Amino acid sequence: MTTQISKKRKFVADGVFYSELNALLQRELAEEGYSGVEVRVTPTRTEIIIKATRTKNVLGDKGRRIRELTSVVQKRFNFREGTVELYAERVPNRGLCAIAQAESLRYKLLGGLAVRRACYGVVRFIMDAGAKGCEVIVSGKLRAQRAKSMKFRDGYMVKSGQPSKDYVDTAVRNVFLRQGILGVKVAIMLPHDPTGKMGPKTPQPDVVKIIEPKEEETFQPANVPAVPHSVERRAPQSAQVEAQ
């Protein structure tokens, strides 16, 4: 028998579940290019779709890794046996995924690559993937003891309004270095895609599409004379002068 809970409590519980699940998968699958999770609830079971750039590593040898993750999620969140399923889905274009690029930048910085070189490499990769614009912000103790923030921008970026929610994909990561913690923020301006695969379907409100006018065909009706009667009746000006 299921216990009835209010809608407010249900929304809070769903949000907490998603947040904890996202943190768990982010910790476990960071090296596999984890790029987010989607939860689908059906009457019989709960489907959890893990988005990653390297799905083979997520599945593991003969599906061993995904079965281990399923068991961990089932025990942690008190799911009944067989009521939760985990699937792995490959990200179609990792250059337009902010989470994947933030993780990539994080591992570059952990590997000892210079901040400017790592950030410019990520910006170039994002723009080559077809993004309209991107912004990478790295803040913390970069070289000296004094903390500072560095911004790397390219292309077109919307900062306010509904398009900033629809078109901008954002991800934030922390990099634990020996001298301290660096904060990494990646924002990608997605392109407009009518199919909805590469970007949002809805066009931006300030984009105006001008349609070419159709060519108007001029035609003369059969019952209307080419020259009006008033013009025919009027005598030429030269003839009026001669008559005078």
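Quick look at the numbers
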{"item": "Only one of G95, G121 that is under 24 Å from the mean Cα position of the chain (by Cα), of a type outside the set (A, V, I, L, M, F, W, C), at pLDDT below 90 and in a helix (DSSP H, G or I)", "result": "G95"}
{"item": "Candidate set from the stretch 42-87 (those that are among the charged types (D, E, K, R) and in a loop (DSSP other than H, G, I, E, B)); member that is surrounded by the most Cβ atoms within 10 Å (Cβ to Cβ)", "result": "R54"}
{"item": "Residue match in the stretch 17-34 (condition: buried (at least 19 other Cβ atoms within 10 Å of the Cβ), of a type in the set (A, V, I, L, M, F, W, C) and part of a loop (DSSP other than H, G, I, E, B))", "result": "yes"}
{"item": "Pairs, first modelled with pLDDT under 90 in the stretch 140-165, second among the small types (G, A, S), C-beta under 9 Å, six or more apart", "result": "L142/S149"}
{"item": "Residue that is closer than 29 Å to R94 by Cα and either basic (K, R) or open to solvent by 100 Å² or more (accessible area, probe 1.4 Å) (or both), where the choices are K165, K209", "result": "K165"}
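The values are calculated or read from the model by the stated rules, or taken from the named source; none is laboratory data. The shown structure was predicted, so the numbers you read here are calculated from the model rather than taken from an experiment. Note that we place each Cβ from the backbone using ideal geometry, even for glycine, and neighbour counts take in every protein chain shown. Surface accessibility is based on the protein's heavy atoms, side chains included, excluding ligands, DNA and RNA. Shrake-Rupley method; radii C 1.70, N 1.55, O 1.52, S 1.80 Å.
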